[in-house]
Each structure stands twice: as C-alpha cells, then as structure tokens.
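The values are calculated or read from the model by the stated rules, or taken from the named source; none is laboratory data. Just so it is clear, the structure is predicted and the values come from calculations on it, not from any experiment. Positions of Cβ are backbone-derived with ideal geometry, glycine not excepted, and every protein chain shown enters the neighbour counts. Heads up: the accessible areas ignore ligands, DNA and RNA and are worked out on the full protein's heavy atoms, side chains in. Shrake-Rupley method; radii C 1.70, N 1.55, O 1.52, S 1.80 Å.
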Amino acid sequence: MAPEVAVQEAPSQPTTRRIVNDFSIQVATVNGSGSQTANLVLLRSIFRMGIPVSGKNLFPSNIAGLPTWYTIRANRDGYIARKQDIDFLVAMNAQTAQEDVVSLKPGAAVVYDEPLNLATLRDDLTFYPVPFDKLVAGVCRDAKLRRLVRNMIYDGVLASLLRIDRAEMERALEKQLGRKPKAVALNREALDVGFAYAEQHFEKRDPYFVESMDATSGQVLIDGNAAAAIGAMMAGVTVVTWYPITPSSSLCETLIDYLRQHRIDKDSGKATFAVVQAEDEIAAIGMAIGAGWAGARSMTSTSGPGVSLMSEFAGLGYYAEVPAVIFDVQRVGPSTGLPTRTAQGDVLSTAFLSHGDTRQLMLFPSSVEECYSMAIEAFDLAERFQTPVFVMSDLDLGMNTWMSQPFRYPEKPLDRGKVLDAETLDRIGKFGRYRDVDGDGIPYRSVPGDPMPAYFCRGSGHNEWAQYSERPDDYRKNIDRLRSKLETARNWLPAPVVTINRKASIGVIAYGTTHWAVVESRDQLVNEEDVQTSYYRVCAYPFRDALTSFVERHDRVYVIEQNRDAQMLSLMKLDLAPELAGRLRSVLHYAGHPIDARTITDSILIQEGYRVEKTRPQPSHVPQSAGVGGE
Amino acid sequence: MATVQTPAAGKGKINRIGLASQEYRGTKTTLCAGCGHNAISERIIHACFEMGIEPDRVVKLSGIGCSSKSPAYFLGSSHGFNAVHGRMPSVGTGAMLANRRLIAVGVSGDGDTGAIGIGQFVHLMRRNLPIIYIIEDNGCYGLTKGQFSPTADLGSTLKTGVVNDLPPIDTCALAIELGASFVARSFSGDKKQLSAVLKAALSHRGTAMLDVLSPCVTFNDHEGSTKSYAYAKSHDDPLGELDFVPYFEEIDVDYEPGTTHEVELHDGSTLYLTKLAEDYDPRNKLQAMSVLQETRSRGTFATGLIYVEPTKPDFLEMLNLVDEPLASLPQDRVRPPEAVLEAIMNDLR
C-alpha cells in the first residue's frame, strides 16, 4: 500500500530546507486529559538529546474540560524564553483547533486529530492528520485509560516527524512514570503506535528537525517552586505555614515531600520541621511571624491575593522586627485576576506592603537556580535584618519546567543574625530590644525560651527598650532607625548582575523571568539594527547604589517588566535624582503569558526611532469563550 | 516530681522555684480603676506564682483591645507579643511550633475573639494547640468607647440606650464543639474559682479556653447591661466547688464519697469538683453542652470547669516534632548533607 501522504497543499513539496534545533512546538489539549505526562516526556527527550529547551504550560483555572496549551521551545543557541510564533502545532482540542491553526505563521506544521478536519483551513501549512481514536483503541481496551494514553501517541508521531531519539523518549517515559511498570508498558505501546503510523503514512514536508547536541549535559530539569522548596530545606527551615493558592501551592507541597524524606531525625524518627496548612493566608503569615519571633526559621508561600491578605502582618513584622520568609509566586491581578497566568504585578504593593511608612525587602529570582539560592539567602537575610523577606517569583518561573546547572551546596553557614548572648550582653550593658548598639540600625534580639532578658514585642509604638511609647522623639528615633536598617540592607542584599557594553548609549533593566527574553532581545537588537545595550538585572529591593551609576552611564534606560504600570520603574524613580529618573523608559508586557524577545526588541526599536515591520497582531491563544473557571 | 515546698502566697514568701510573687508582676496597669481585667491579671500572677511556673518559659500573647494590653501588666520578665487584632491564635501557634517547651498564655477580648478573630479562634480550638486562651469578656469594645461585641446578650443595652438585637456567641459552647480539650467559664470577681481554673489550665496540655466575665466599669456596668458587676454576681451559676491540688502538693482533702468528681490533669495535678445541686461531670461532652443551654435558657451563666478531656492528643504531639525546640536546632540537624542535594539533583536529570 502506498503511504497516505500528508494533506497536500502548498507548500506541499518535500522541503530541502532544514531548520535544526530551533523551533517551538505547541500542544493544544483539554485540561484534565493527562497531557502533562506526554508533554514532559517530549520535553525531557529533547533535553536529553543535549538541546536547550524550555516548557511552558498555558492552562486555565479549572480542573477539567477547558483548553490548555503546552509550548516547548528547542533552541540550539540557548534562548529559552517564550517565542511568539509556533512552528509545530499539535491540535488535539476541537474547541480551539480552528483558531490555533488560523494564528500560525505560514510554513508551520500541524499534527491534528483527523476528525477535526483542519487541512482545509489554510493552504500555507503542512498538515499531518492522525486518527488518534482509532490508534488508541488498538492499544488500550480500558475506555477510561484511553483518554490518557491517547496523548502519548502524538509523542510517537513527533518522534518520527522531528527525528527525536526514541530511546531517549522511552527513557524519559520511564523517568516520568517511575515505578508504575504497567503504565510504562501501556504508554510505550502508544508511543510505538504513533511512531509506526507516522513512519508509514507521512512524508516529511516541514523543515523542523532535532539533532543531538551537547548543550545540556549535567543539567537538570526543574520548576521554580520545587527549586525554592529545595532551597528552603537547605536553609534549614523549621516552620512552614501555608494556605493553598495557585500558582504557589506546589512550592509547599514539594517542600513537604522533601522534608519528609530528608528532615526526619534518624534516631528518634521525629520531624525537625513543622508544617501547618493554615485556615487562610492571614493565619499562615501570623504563624510564620509567631515562629520567627520565637526563633524558628519560618516561611510561607502564596500569590497576589494571599499577599494582600498578609498586609497587616507584614507591617507588624516590619515594625516589631520579626523575621519570616514569604514566597510570592506572582500571578495576574488585580483581584482574582487570571489565577493561572503569569505577571510581575506585585512589585509596588509588596515594596510598601502594609500601612504607615513600611518598606519590605524583596528578592527577584530569574532562574530556577536563583529560586534555590535566593531561598537560602532569604532566610539569612530575614534573621540578619529581623524583618520579613519576600522572594518574588512568578507563575512562569514557579510552575514551568526550566533547565539548570545542578544546584550548589551552600558554602556559608546559616546566619542567625544578632541574637543576644551572654557575651554580647556583657559588652552592651543593658539590653534594649530596639537599641541601635552597632550603628547599623540592627538591634539585638532575645528569643523566648532562651535565658536572656525578655522584652515585650508589639505592633504599637515603642521606644528602644520595647516599652509602649507615644512620645514624638521615641517614635521618630525608632522609625528613623528602621530606615537606617534598610540602608544597611541595601548593600547586603544580592547584587545586581550588570553587563556594561562600552559601545552602548542605551541600557536595559529587567528582573525575574523577564531576563530570558531580554537576553535574546539584546542579541536581536545587535543582529538586526546594531543597537548596542548594557544590561542591569535587578536582584533585590531596596536597590543598590550601582543603579544610579548605571543610569548615569546611559542616555536612555529601558525598564522591561510584566505589568501595566511600570512598577519597578516607579520604584526606581523614588530613588533616582529627577534628572536620572527622566532617562527611564518602559517596555511593558501584560497579557498573561510570559514575555518574549520580539515584544521587547520591537518596542525598543520603535522608541529608538527605527521603523519596525508591522507583523501580524500576536495571536490570542485563549479564545473569548475559554478561560472561565474557578480559582 | 520536683521538690515540694509549701507553696505560699503573700508578701515575703517564695514559691517552689524560689521566686517571690513580686517577680510575677508586670508594669503598672493603665486600664480603668475597677476594670475586671486587672483582677484577672492578679489571678494570673497568683496562679503562676503558686504553681511555680518558670517565667522564662512563658510567652504572653494577645491581640488588640483593652484585654490585649493586659499582658504587659503581669509576668514582666516573660516574653510577650501584643500582635494584631484577632490574630493572636496564629502568632501563638507559630511560637509553640518554634519551641514546644514554652507555656503560652494568650489574652483576648470578646471582640478580638468573637468578631474579628472568630476565624482564628475556631481553628485554634480545632487544633487543640497547647495554650491557655483567656477571653476577658465584657460584651463591648472598651478601647473604642463601648460599642457592642458579639458576646453581648440579646436585649442588653448600651449606656446610650441602644438595645442589642443579635444573639450572642457562646465561646464556651463553640470551643467544646470545635475540639478544645479544656473549657471553663468564670467571673473576674470570683477569686477562688478563677484561681482554681487558672491553675488547672496551667496543668493541662492542650487548648484551655477560659471565658472570664470581666465587667467594663466605664462602658458596660450600668443597669440594662448583662455584663455588669451586679448582673454577673446575681446570675453566676457555679457548677460546683472547685478545689485544685497541684501535683507537687500532698493531697490532704477528704471528700464524702459520691459528692465529688476527681479529675486528674496532664501534669499529675488533681481538680476536685464538689457538686452543688446536680451531679456534673466535666468529662461528659453532652452534659457540658446541655448545661450551657439550660443555664442560658434560665438567664444565668454556668461557671467553673465546663468541659475537660485530659488525655486528648495536642497539636504538637500530632506533628511528631523532635523533643528539642525547633528554634534552637543546630545547623547539622536542619541542613541535610551534600549527598542529599546530589541525590535530588541526580533525580532531576
């Protein structure tokens, strides 16, 4: 039998053009259909072939039945930010298939569920129809399992079309399903069926290929929430109090798993940690504050709505000077917003979280490795500065899968900060909880249960002896000392990562996950228009003095962020002299999906006066009808 | 058992750990003269002194309001945390997680507990965390000048004549229903009963919830108020005589058989309940709930130990924590070795 050829529309001729290790795959499915396993197997097998990859899940706030997209980008040059254009679509969802196909750029390839009959929609794409139902029926008798196994078939099809190493794919499958041999066998069969079908029926007509490289060896695949969890465990966290919320839940859930494995005392079989699922975020941070006050390394993890609820306690932590670590895995606001979409929208509100003259310390991890290392650092900083520390992750970082060098074991011992001991007490004479003995704004603290003098901790006005006071001079002295403590913090916090380009008259500033698109965009700017840039990546707030010198060096500085209101830029304006603040410009992206390089490049070029070719409006991956769900 | 010394109250005496009663005092109260809260602070000082509680093991916790200011007025050498309104339970929970050897004494008010703090109160009771949770209950907000709180009785009036038309929350019934393992109600004016209840609470392991009627002399002590001194005195309906014998004291009481319930508490102390009119066993949950209903329907309020479950596992036990305080575990017990990190990394490849 002659092989059934892929639906033949122009450009239907087998192409001689080869695009190797530089494309994006988008799998469109329905959530709850178990596509995550198939997608992760696909991602991991490309990763194991040594090709830089990233995987991003664009999912609804819903348990089952709504559209979800998974995007894998493979890129030989190591660009792992989201890419606007999809090169290879796997259309499994009738609800969105037409729109998904319409939004593709010419030349893209589409693997689709045959009954969807998509090939008539466009004549500038390559279509590969696959009769998934028919194929899965041969693999699996159990109707309930079929829905799940069905997705593994497209992995087989893609292995054939993209030339993915099948052995790696099988290993990835085993890794994914672990100790479930029956499931592994069933899924392997589905892989084989998909592969065989594609081999038999399709002639390769798209230009996309995978070829082994050596760019990922030794690396790991992990999401930011798990990375932060490992960091927290290595930081010696002892009290974890939390309340479930997307997209932060998996941080504490993963942490619980790790703690149960690695933090049970061998001799006694007892836990060296306490985890409490609180009744709400207010209680979660209240417990963290109570534990921090009593000397534990405490943390909670949440997202925007939780941070809003934590506001009052955050102010108490700041004013009463109590350590705690808060992970904010940011999602799209305001209000409930888009619970399953990413943003950097809590920057301004967290900086000033709570009423009065409150300032909070923030760290901005941009990689999974920094989720790990900054988690460790956050606990040291919280105790060093006796104040809440916010680790500002986001959904893209927290819930998506990233490559990383393996995490390094911490070299520094735990920094428990200025805890009063007998020797110090001798040196300083009388203990005053809020006395600035060392001139750095950081007082000594005693801890309940230790033999040092006690004090009365309070959110009400107090003097340096921790006595209630409404005296103007007491208030001023204390609140000014708090400011000087933050001044000390400025240069303790993680330093910015600065790349000075001597040829550049313009600078870019970014933070968090925006970094990955910036890396790619800076290369695009040079390659396309020879626009040279310097780069300042913010890692913490309050800012270091280096910010001023960076802005001074450049005529125009673009602050790139994923929110509407230029929140980081606004914070910078408060610190910079008016002349320097006037040099700041914005590149903003706030649609719910991660920022991409093209958006940045085009925006900077336009603002710099270049003509930018009008491209198609960016496809909306979410139909108007979709994305309706709970939170 | 610790060496037994004759515990003695009063000036010049020292207790079994060698401290004078003076050493359990705090700063001078700033509450109104005659405030019930001051009487409760006095009882706390007295109970801690007599029980020989080590002040450096105690953490005093409170929310916001007149009641919540009072921890400054007792146990001045103990740590204290005057937190935010209605959220003391979470702070106390965190502190106890950090250091299970602490003795937590929380002071709240009827607004701090029944209104803004009802959520945290509910979950504290559910967890049976080891903590003494005292509600200094005057049925009104004192610090904001006398508005009704959720424990104000139906028909009770404000000074201005405004009548409360919502039913009160019975914090004792709620606490029993939710799982608290020691629930008592008392009156700031009943020194003997309140002392016994406080000492028993200090001997208990688990949440000891004490609702103490504590009249507000400034805003809620008038005719028409059901939380006034006069009303409280005439409607107090004790469930029995309470006699507390600490574990470190010889038992020299002799009760006529059948007249007394003997409740052994967690630390080995004993509480004797001599029945008055009816037989009442505070270990019987159904009886506890029904006595609260009955007395309320009669317009009185039952006082004394209403419910106790001395052996119920507390929250820290359920968490299977190591014996030492988590707060002071050294680095080598909280930071896993390098091999653990390597194994985790290998698993992610």
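Structure notes:
- Accessible surface for residue B:159 stands near 140 Å², nearest 10, in the context of the full protein assembly shown (1.4 Å probe).
- Descending Cα extents along the principal axes, the range B:197-349, whole Å: 74, 44, 28
- Restricting attention to chain B, close to 40% of DSSP beta bridges with both partner residues there are antiparallel.
- Ranked by the mean number of other Cβ atoms within 10 Å of their residues, highest first, the peptides A:605-612, B:52-59, A:361-368 fall in the order A:361-368, B:52-59, A:605-612.
- Interatomic Cα distance distribution for the range A:341-477, bins of 5 angstrom, percent: 2, 8, 14, 16, 17, 14, 11, 8, 6, 3, 1, 0
- Convex hull volume of the range A:497-607 per residue (C-alpha atoms, cubic angstrom): 92 Å³
- Report note on the peptides A:224-234, B:167-177, A:173-183: ranked by the mean count of other C-beta atoms within 10 Å, highest first, their order is A:224-234, B:167-177, A:173-183.
- Rg then Dmax, both in Å and based on the Cα atoms of the range A:19-209: 15.2, 45.
- Nearest-0.05 FRET efficiency for residue A:335 and residue A:484, computed from C-beta distance (R0 41 Å): 0.65
- Cα-only Debye scattering, the range A:422-490: base-10 log of I(q)/I(0) at q = 0.12, 0.15, 0.17 Å⁻¹: -0.32, -0.50, -0.64
- Degrees between helix B:88-98 axis and first principal axis of chain B (Cα, 0 to 90, nearest 10): 30 degrees
- Rg/Rg_ref, chain B, where Rg_ref = 2.2 N^0.38 Å and atoms are Cα: 1.04
- Note on the range A:222-404: the alpha carbon radius of gyration divided by the globular reference 2.2 N^0.38 Å gives 0.93.
- Its DSSP H runs of at least 4 residues, each contributing -39,500 (n - 2.57), put the calculated 222 nm mean residue ellipticity of the protein assembly as shown at -10500 deg cm²/dmol, to the nearest 500.
- Carbon and sulfur %, accessible surface of the range A:497-607 computed with the full protein complex present, 1.4 Å: 46 percent
- Projected-area mean, the range B:114-264, by convex hull of Cα positions, square nanometres: 10.3 nm²
- Semi-axis lengths, Å, the range A:151-230, gyration tensor of Cα atoms, sqrt of 5 times eigenvalues: 26, 19, 10
- Within 10 Å of each Cβ in A:257-264, the average number of Cβ atoms from other chains: 3
- Altogether, the Stokes-Einstein calculation at 10 °C and 1.306 mPa s, with the Kirkwood radius of the range B:48-150 over Cα pairs as Rh, returns a diffusion coefficient of 116 µm²/s.
- The protein assembly as shown: antiparallel DSSP beta bridges as a percent of all, rounded to 5: 35 percent
- Reduced Cα scattering model of the range A:36-109, Debye log10 I(q)/I(0), q = 0.13, 0.15 Å⁻¹: -0.43, -0.57
- Protein heavy-atom accessible area occluded, A/B pair - total, 1.4 Å probe, Å²: 4900 Å²
- For peptide B:75-86, the mean count of partner chain Cβ atoms within 10 Å of a residue's Cβ comes to 6.
- Across peptide B:174-180, the mean count of Cβ atoms from other chains lying within 10 Å of each residue's own Cβ comes to 0.
- Relative protection proxy for A:446-452, B:125-131, B:179-185, A:552-558, from highest mean packing down: B:179-185, B:125-131, A:446-452, A:552-558 (other beta-carbon atoms within 10 angstrom).
- Here the translational diffusion coefficient of the range A:118-266 follows from Stokes-Einstein with Rh set to the Kirkwood radius across Cα pairs; for 4 °C and 1.567 mPa s it amounts to 69 µm²/s.
- Applying the Kirkwood pairwise sum to the alpha-carbon positions of the protein assembly as shown produces a hydrodynamic radius of 31.3 angstrom.
- Taking every protein chain into account, the accessible area of the protein assembly as shown amounts to 38 square angstrom per residue (probe 1.4 Å).
- Pairs spanning more than 22 Å between alpha-carbon atoms, out of A:134/A:180; B:145/B:227; A:56/A:182; A:56/A:105: A:134/A:180; A:56/A:182.
- Accessible surface ranking for A:352, A:390, 1.4 angstrom probe, highest first: A:352, A:390.
- In the range A:132-172, Rg over Rh equals 1.03, where Rg is the alpha-carbon radius of gyration and Rh the Kirkwood radius from pairwise Cα distances.
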